[in-house]
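What follows is a short report on a single structure.
The values are calculated or read from the model by the stated rules, or taken from the named source; none is laboratory data. None of these values were measured; they are calculated from a predicted model. A quick note on method: Cβ atoms are made from the backbone with ideal geometry, for glycine too, and the neighbour counts reach across all protein chains shown. Side chains are part of the model used for accessible areas, which takes the heavy atoms of the whole protein and leaves out ligands, DNA and RNA. Shrake-Rupley method; radii C 1.70, N 1.55, O 1.52, S 1.80 Å.
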Amino acid sequence: HSHIGWVKGIARDTGSGFYKKHHSLVREMGRDLFQTDLSQPDNLSALVHNLDGFQIDFFDNIQVRYFLDYRPDRVSQTDCDRAIANLGRFKTLGLTERFAQYTASFCDAYGIEQKPITSVHNPSKVKPLFDVRNSRLQQIIEPLIGYDNQLYQEIARRVDG
């Protein structure tokens, strides 16, 4: 949801420097998303099932992709398993919703003084695209996030360890 919203937000102001600094393919994706009401199940389903090439890299299980040293066309269970195995390469792991806990752990692990975070610098300016709690919409979007969810659950298990 957040990454789709971020790409959509690129086209919020097509005259801005932010818009212009992106590759033409990314600008095109942003414009297409900006014109699409993803709260409508048919539109969301069309997005999920009609991705190709460059779009797949942007929206198909992108969290898993960050933990791989290669680019799969579509993320598979094997890729997810490899991403989970790669978690062992990290000294610390954390979750955004437990950011304070993570920063404390990170600073402790590396002997760095922890300084309080007083502001958020990257809040999304795009209104919610769809209701992430809606079970029908969750089912539609599942192919794009199913392996990401498995990776998330493993990280949460290790963090809670």
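For the reader, a short list of remarks on this structure follows.
- Each of Glu97 and Lys20 was given a label point 7 Å from its Cα along the Cα-to-Cβ line. The distance between the two points is 4.1 nm.
- Helices in the chain, meaning DSSP H runs of at least 4 residues, each add -39500 (n - 2.57). Divided by all residues, the mean residue ellipticity at 222 nm is -17000 deg cm²/dmol.
- Per residue, in Å², the accessible surface of the chain once ligands and nucleic acids are set aside, probe 1.4 Å: 65
- Counting Lys and Arg as +1 and Asp and Glu as -1 over every other residue whose Cβ lies under 12 Å from the Cβ of Asp148, the net charge comes to -3.
- Estimated FRET transfer efficiency (Asp160, Gln77; beta-carbon r; R0 35 Å; 0.05): 0.90
- FRET efficiency, 1/(1 + (r/R0)^6) with R0 41 Å, evaluated for Thr118 and Tyr152 via beta carbons: 0.90
- For the chain, the membrane-span-like helix rule (DSSP H, alpha carbon extent of at least 27 Å along the helix axis, mean Kyte-Doolittle at least -1.0) picks out 135-160; this says nothing about an actual membrane.
- Taking 22 Å as the straight-line reach from the Cα of Lys127, the lysines in range (excluding those fewer than 8 positions away in the same chain) are Lys8, Lys20.
- At full extension, Arg89 and Ser39 could sit 14.2 nm farther apart than now, given 0.36 nm per residue minus the alpha carbon distance.
- Distance between the range 26-58 and the range 132-151 - C-alpha centres, whole angstrom: 15
- Carbon plus sulfur fraction of accessible area for the range 28-161, probe 1.4 Å, in percent: 49
- Kirkwood-based shape ratio for the chain, expressed as Rg/Rh from alpha carbons: 0.99
- FRET efficiency estimate (nearest 0.05) - Cβ-Cβ, Tyr66 to Asp108, R0 22 angstrom: 0.40
- 15 Å beta-carbon shell around Leu25, net charge (K/R +1, D/E -1): +1
- Largest-first ordering by accessible area, 1.4 Å probe, given options His23, His1, His121: His121, His23, His1
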